[in-house]
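*Asks:* Dropping a structure here in structure tokens format, bear with me for questions.
What follows draws every value from the coordinates through simple rules; no lab data is involved. Remember, predicted model here, so these are calculated numbers, not experimental data. Note: ideal-geometry Cβ built from the backbone for every residue, glycine included; neighbour counts use all protein chains shown.
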Amino acid sequence: MLYQSAHNHIVVDVTKAPYFADNTGKKDATDAICRALDDILAREIEGVQAMRRKLLEDPRDNFRIGFENRKMNGVPTVIFPEDPPAARIIYLPAGTYLISDTITYSFENLKNLLNDRPGSDLNRFIHFKGDGADKTVIRLQDQLRAFRYGENKPMISFVRSNGSNVAMMNSIEDLTLNTGKGNSGAVGLRFHSNNTGKIANINIVSGDEEHRGYAGIVMDLGQENIVKNVRIDGFEFGVRVSCTSPGQCFEHIEMDHILRTAIHGTGANIGFRKTGIRTYGSAVYACHDTIFTFLDSTVTHIGEQGGTAIRTYDALCYLRHVRTENFGEAVVNDYTPVIKENGEIAEYNNYEKQYRLFPCTSFELPVEEQPVYEWNGDRSIVAEVDDFGAKGDGVTDSTAAIQAALNSGKEYIVFGEGRYLVSGEIKIPASVRAMNFMYCDFALTPDFAEEKEKGVFAIEEPSDEILYMDDAFVFEKVYGYIRFIRHSAKRDLAISDFHVQTAAFYFNTVGGSRVWLENTASTMGVFGGIGYGSVPCFRFSHGQKVWARQFNPERSADNCIAEDGSELWVFGFKTEGPDGKAYNIRGGSRAEIFSGSATIATDDGTPCIENENSDVFAYFRTDGCGPNHQFAVAVKETQGRHTRILTAPEMPRYSVEYYAIPGYCGMRRSDEK
């Protein structure tokens, strides 16, 4: 929800001073857009160096600032700047932007520091936003030598180095990328993001009459993100993923005129849902340790009948409600045709072993799409918190001012830039329909951070209207036992693009609501204090119905709990230990969990999934970065008086240390329900 305010500099309009990018399609806009991006990311470099100086100037040899920055034996490590720079959105108003080279940053020193040496790129908080895919077009000049066949060169790249694990909350939305004519080696978008990231509402089009180009989207470095409402027209490959990443989820994707393969995965962890493909070649090729989920989709061969719709080699593949049309073969697994005829594939798992600790059959939960708040442009319904005295300086207590804005009767609440200090719960009245945080940050007073059954924001008034909460990056000054949201009224809640770095995110005390989570992360603080890790990142109870897309709970004893008859559907996720379960489903709840990674466990017998008298279907893999990062127990299931487990040696291996959980199904027995 883009909102431009006179209070702040969040929105950077590249057509205005000092950039003056041409949007008529007549002048090259490459340098202007790249300069805007460099100006934004330069602040990350400044933040790292400021933190380094702060560490070196302190007389203590071994101490820590915040959760991620420390000095050991006099040597500084700076994972992130403790005070991240205020968010900026690169805004491309309607028009055509002609470019002749890749849009990316230019810095070689855009790095954090590990033992005072360059570490990962801090290519984070990069936001490109247009006025709509039908209004804002970035177009590559025709016949560029740098984009010739074999170059595989992107129009826009979110990363320059060999990768990063701190590239958080990147996004590109509401525009079209056109690779022009004669650029056979062009890639529309090379995307990279960790924990949270989004590609949404964009078209990627080969402007060539023969649909030439290398790929629409390339993801070749480890990452987590959601891709939704994307149309790709042309290219050899529609989407090419070649990284051992925790996972990406794709929904509502349309691909047409694909010359070779629409979805190509090598060592990938990807899920597609609601996808339509028209290809001259194959629809899917998944190989070499890829784990692939394909749901509710249709794939069609263009021209005469022939080719293979879905081909796997040394990969895991799960299909549900997938229709193939006009192919010679529907599914080939390791060179063996397993489904020859076209038509509806109700369910297929190429890993034939069934993981059922007790007798049961598979099941499906109903899926609801993520709703979106559409602001109509009427500023009379908007309350900006800064107009009520809130200040994003991290020092001024803004609790009362934010509450006053919420109590104003306005339906659309907008925050400004910076960090807002809060000392008590802020109540969201029923009159509020949408809250746009504009990627702002928060800080808590020490006493408030220790509150165990409260939230920074509390929903206490019931309403038949959905409450929308979007676009926040909440960093290290929100920590402790506090949760970010306390949901204590019957009211549906839709959250998107929300990252809470060192605190738990959500719990509810009243049930009966629907909750949608999209591109949402919660990471408990490292070394956050005794006891903080006992707070689950997400706890759904009292019969809540939850749909989570690109979901990232980390570092608590139970990263995600669904209990008391709740329903949880997960599509795309990463959980992370080291000390906790990925999912605890209990008390007659139901959960389906697709397409993600449960990472960095402690090999101490803690199960990856604990199913306590509930129904669970799971199709994903485990991962880590060391020999002890394995769940020794994949599943611990209790039904009634009986408990059984699946251990790591029983599961199909992924890499050397890790394994997949390719279709575990555990359900309450009829005599126990």
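*Asks:* When the label point is put 7 Å from the Cα of Leu365 along its Cα-to-beta-carbon vector, which residues of the range 555-586 have a backbone N closer than 17 Å?
*Replies:* Under cut-off, by backbone N: 559-575, 582-586.
*Asks:* So what's the gap between the Cα centers of the range 445-486 and the range 142-199, to the nearest angstrom?
*Replies:* About 35 Å separates the Cα centre of the range 445-486 from the one of the range 142-199.
*Asks:* Can I ask one more? Going highest first, how would you order 391-397, 98-104 by mean Cβ packing within 10 Å? All intermediate terms of the calculation are to be shown ahead of the outcome.
*Replies:* Values: 391-397: 15.3, 98-104: 19.3.
Per-residue mean Cβ counts within 10 Å order the peptides as 98-104, 391-397.
*Asks:* Given the range 11-259 reduced to its alpha-carbon atoms as identical point scatterers, what log10 I(q)/I(0) does the Debye formula return at q = 0.09, 0.11, 0.14 Å⁻¹?
*Replies:* -0.41, -0.59, -0.89
*Asks:* Please give the length that would be gained between Asn109 and Ser655 if that part of the chain were fully extended, namely 0.36 nm times their separation in residues minus their C-alpha to C-alpha distance (nm, one decimal).
*Replies:* Working: separation 546, 0.36 × 546 = 196.56 nm, distance 3.23 nm.
Fully extending the segment from Asn109 to Ser655 adds 193.3 nm.
*Asks:* Specify whether the C-alpha gyration tensor of the range 1-55 places it in the rounded, prolate or oblate class, a ≥ b ≥ c being the square roots of the eigenvalues: rounded for a/c under 1.5, otherwise prolate if a/b is larger than b/c and oblate if not.
*Replies:* Values: a/c = 3.83, a/b = 1.71, b/c = 2.24.
In terms of gyration-tensor shape, oblate.
*Asks:* Which net charge results when you count Lys and Arg as +1 and Asp and Glu as -1 among the other residues whose beta-carbon is under 15 Å from that of Ile339? Write out the running numbers ahead of the final one.
*Replies:* Values: positive: Arg311, Arg320, Arg323, Lys340; negative: Glu325, Glu329, Asp334, Glu341, Glu344, Glu347, Glu352.
Charge balance in the 15 Å sphere: -3.
*Asks:* Please report, for the Cα atoms of the chain, the Rg to one decimal and the Dmax as a whole number; what are they, in angstrom?
*Replies:* 24.4, 75
*Asks:* Run the paramagnetic zone check for Asn326: 7 angstrom along Cα to Cβ, then residues of the range 342-371 with backbone nitrogen under 17 Å.
*Replies:* Only 342-344 fall inside the zone, counting backbone N under 17 Å.
*Asks:* Take the residue pairs Lys181/Lys340; Lys26/Lys129; Lys427/Lys545; Lys340/Lys581; Lys129/Lys574 and return only those whose Cα atoms are more than 31 Å apart. Kindly include the intermediate steps, with their values, before the conclusion.
*Replies:* Working: Lys181/Lys340 38 Å; Lys26/Lys129 21 Å; Lys427/Lys545 23 Å; Lys340/Lys581 40 Å; Lys129/Lys574 26 Å.
Going by Cα-Cα distance, Lys181/Lys340; Lys340/Lys581 fall outside the 31 Å limit.
*Asks:* Could I ask something else about it? How would you classify the range 382-535 from its alpha-carbon gyration tensor, with a ≥ b ≥ c the square roots of the eigenvalues: rounded for a/c under 1.5, else prolate if a/b is greater than b/c, otherwise oblate? Walk me through the intermediate numbers first.
*Replies:* On the way: a/c = 1.59, a/b = 1.14, b/c = 1.40.
Oblate, since a/c reaches 1.5 and b/c is not below a/b.
*Asks:* For the range 34-111, place one equal point scatterer on every Cα, skip the solvent, and apply the Debye formula. What is log10 of I(q)/I(0) at q = 0.16, 0.19 Å⁻¹?
*Replies:* So the normalised log intensities work out to -0.68, -0.83.
*Asks:* A further question on this structure: Taking the Cα centre of the chain as the origin and placing charges on Cβ (Lys, Arg +1; Asp, Glu -1), which of Ala434, Pro85, Pro154 is farthest toward the positive end of the dipole?
*Replies:* The residue sitting farthest along the positive end of the dipole is Pro154.
*Asks:* Just to verify a number: FRET efficiency for Glu57 and Arg35, C-beta to C-beta distance, R0 = 35 Å, to 0.05? List each step's numbers first, then the result.
*Replies:* Working: r = 33 Å, r/R0 = 0.94.
The formula returns an efficiency of 0.60 here.
*Asks:* Right, another one. Let me know the whole percent of all Cα-Cα pairs from the range 531-622 that are separated by more than 21 Å. Show your work: numbers first, answer last.
*Replies:* Numbers: 852 of 4186 pairs.
Here the tail beyond 21 Å accounts for 20 percent of pairs.
*Asks:* Is the shape of the range 1-141 rounded, prolate or oblate, going by the alpha carbon gyration tensor and its root eigenvalues a ≥ b ≥ c, with a/c under 1.5 for rounded and a/b larger than b/c for prolate? Kindly include the intermediate steps, with their values, before the conclusion.
*Replies:* On the way: a/c = 3.46, a/b = 2.38, b/c = 1.46.
It is prolate, given that a/c is not under 1.5 and a/b is the larger ratio.
*Asks:* Quick one: putting +1 on the C-beta of Lys and Arg, -1 on the C-beta of Asp and Glu, what dipole do you get for the chain around its Cα centre, in Debye to the nearest 20?
*Replies:* Its charge dipole is roughly 620 debye.
*Asks:* Determine, from the Cβ-Cβ distance of Asp579 and Asn407 and an R0 of 60 Å, the FRET efficiency 1/(1 + (r/R0)^6), rounded to the nearest 0.05. Please report the intermediate quantities before stating the final value.
*Replies:* Details: r = 41 Å, r/R0 = 0.68.
Between Asp579 and Asn407 the formula returns 0.90.
*Asks:* Please give the contour-minus-distance gain from Thr396 to Val338: 0.36 nm per residue of separation, less the Cα-Cα distance, rounded to one decimal in nm.
*Replies:* Result: 14.4 nm gained on full extension.
*Asks:* Local charge sum around Tyr619 (other residues, Cβ-Cβ under 10 Å, Lys/Arg +1, Asp/Glu -1)?
*Replies:* Cβ neighbours under 10 Å give a net charge of +1.
*Asks:* Between Glu450 and Ala632, what FRET efficiency comes out of the Förster formula 1/(1 + (r/R0)^6) with R0 = 35 Å and r the beta carbon distance, rounded to 0.05?
*Replies:* Details: r = 34 Å, r/R0 = 0.97.
Taking R0 as 35 Å, the efficiency between Ala632 and Glu450 is 0.55.
*Asks:* Sticking with this structure for a sec: When Rg is the radius of gyration of the Cα atoms in the range 177-227 and Rh is its Kirkwood radius, what does Rg/Rh come to? Walk me through the numbers on the way to the answer.
*Replies:* Working: Rg = 12.2 Å, Rh = 11.7 Å.
Looking at the range 177-227, the ratio lands at 1.04.
*Asks:* Below 8 Å, C-alpha to C-alpha, sequence gap of six or more: please give me the relative contact order for the chain in percent.
*Replies:* Values: 2145 pairs, mean separation 48.6, N = 673.
RCO, the chain: 7 percent.
*Asks:* When you take every Cα atom in the range 301-422, what is the radius of gyration, and what is Dmax, the widest Cα pair distance, in Å?
*Replies:* Looking at the range 301-422, its Cα Rg and Dmax stand at 27.2, 68 Å.
*Asks:* Can you tell me the equivalent ellipsoid semi-axes for the range 573-664? Use √(5λ) from the Cα gyration tensor, largest first, whole Å.
*Replies:* Values: eigenvalues 85, 35, 28 Å².
In descending order, the three semi-axes are 21, 13, 12 Å.
*Asks:* So if I take the centroid of the Cα atoms in the range 573-592 and the same for the range 383-407, what is the distance between those two points in Å?
*Replies:* 36
*Asks:* Using only helices, what value at 222 nm comes out for the chain when you add -39,500 (n - 2.57) per DSSP H run of length 4 or more and divide by the total residues, to the nearest 500 deg cm²/dmol?
*Replies:* Working: 3 runs with 40 residues, N = 673.
Helix-only estimate at 222 nm: -2000 deg cm²/dmol.
*Asks:* Can you give the Kirkwood hydrodynamic radius for the range 149-253, in Å, rounded to one decimal and based on Cα pairs?
*Replies:* Numbers: mean 1/r = 0.0738 Å⁻¹.
Kirkwood radius, the range 149-253: 13.6 Å.
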